[in-house]
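As structure tokens, the structure follows; a few thoughts come after it.
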Amino acid sequence: QKEVEQNSGPLSVPEGAIASLNCTYSDRGSQSFFWYRQYSGKSPELIMSIYSNGDKEDGRFTAQLNKASQYVSLLIRDSQPSDSATYLCAVRRPSSNDYKLSFGAGTTVTVRA
Amino acid sequence: ETGVTQTPRHLVMGMTNKKSLKCEQHLGHNAMYWYKQSAKKPLELMFVYNFKEQTENNSVPSRFSPECPNSSHLFLHLHTLQPEDSALYLCASSQGLQGARRTRTEAFFGQGTRLTVV
């Protein structure tokens, strides 16, 4: 079982719509959860962090965490062409020495103008 | 600009060469990471240094050798690489992994080094 799983996409949404991205993780001991955005040819950029169950909103982005079901999601409201990128889910989970940061393979989002 | 700088941005090397990747962070962090990103695969954690001590070596082949002389600098020494080692190598940093905050530390990435082994 993969540590962090995401649908690879591509996820195509029209401009102005809501893009919904999902991520599941295998380790119940995971403590914190992050969403990164990665444009083609660029490095990952942190856009959201969430640590507690529930929703966290930041501008057009909303992260949702459900530890009981072991999933975390990201909603992008009013999607813009500039949101076209690969979104990486990252989970900090216990490892032998500390808490390692593990990544999913990413979901590619394309926003159609 | 994330405050994490990697050099070089691009590197082409032969299988018999020795080269080094450099990472420098200006964020006052105490933990630094090397990740490998290959096409269509998740980011793979290679090494973690926490307060200059290596705390994670994710079964990385010995042809990759990390060095962390201080909390601001991280190197990845490369020798006798294989073509399948071609990838984007990413450095990241975060606050030191200690105490109650260690599970909530956010990691910030450098621009990466695109490595091609020929």
Worksheet item: Which residues, taken from region B:87-103, are on the phi < 0 side of the Ramachandran plot and either out of contact with any strand residue (DSSP E or B) (no Cβ under 9 Å at 6 or more places or on another chain) or at pLDDT below 70 (or both)?
Response: B:ALA100, B:ARG101, B:ARG102, B:THR103
Discussion item. Return the residues of region A:8-42 that are assigned to a loop (DSSP other than H, G, I, E, B) and at pLDDT 95 or above; say none if nothing qualifies.
Written reply: A:GLU15, A:GLY16, A:ALA17, A:ILE18, A:TYR39
Worksheet item: What is the residue count in region B:76-92 for residues that are outside any strand (DSSP E or B) and either out of contact with any Lys or Arg (no Cβ under 9 Å at 6 or more places or on another chain) or surrounded by fewer than 15 Cβ atoms within 10 Å (Cβ to Cβ) (or both)?
Response: 4
Discussion item. Given the criteria modelled with pLDDT of 90 or more, loosely packed, with under 14 Cβ neighbours inside 10 Å and either more than 14 Å from the chain's Cα centre (by Cα) or of a type outside the set (Lys, Arg) (or both), does B:HIS29 qualify?
Written reply: no
Worksheet item: Do we find that B:LEU45 is closer than 20 Å to B:THR7 by Cβ, modelled with pLDDT of 85 or more and aliphatic (A, V, I, L, M) in this structure?
Response: no
Worksheet item: In region B:1-50, which strands (runs of 3 or more DSSP E) lie fully inside it and hold 3 or more residues that are in contact (Cβ under 8 Å) with a residue 60 or more places away in the chain?
Response: B:4-7, B:10-13, B:18-25, B:31-37
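To keep it simple, each residue is scored yes or no on (1) touching a residue at least 40 places away in the same chain (Cβ under 8 Å); (2) farther than 17 Å from A:GLN38 by Cβ; (3) in contact with a Leu (Cβ under 9 Å, 6 or more places away or on another chain); (4) within 13 Å of chain B (Cβ to nearest Cβ).
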site	(1), (2), (3), (4)
A:ARG60	no, yes, yes, no
A:ALA68	no, yes, no, no
A:ILE76	yes, no, yes, no
A:SER82	no, no, no, no
A:LEU88	yes, no, yes, yes
A:ARG93	yes, yes, yes, yes
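The values are calculated or read from the model by the stated rules, or taken from the named source; none is laboratory data. Remember, it's a predicted structure, so these values are computed and weren't measured experimentally. Note that we place each Cβ from the backbone using ideal geometry, even for glycine, and neighbour counts take in every protein chain shown.
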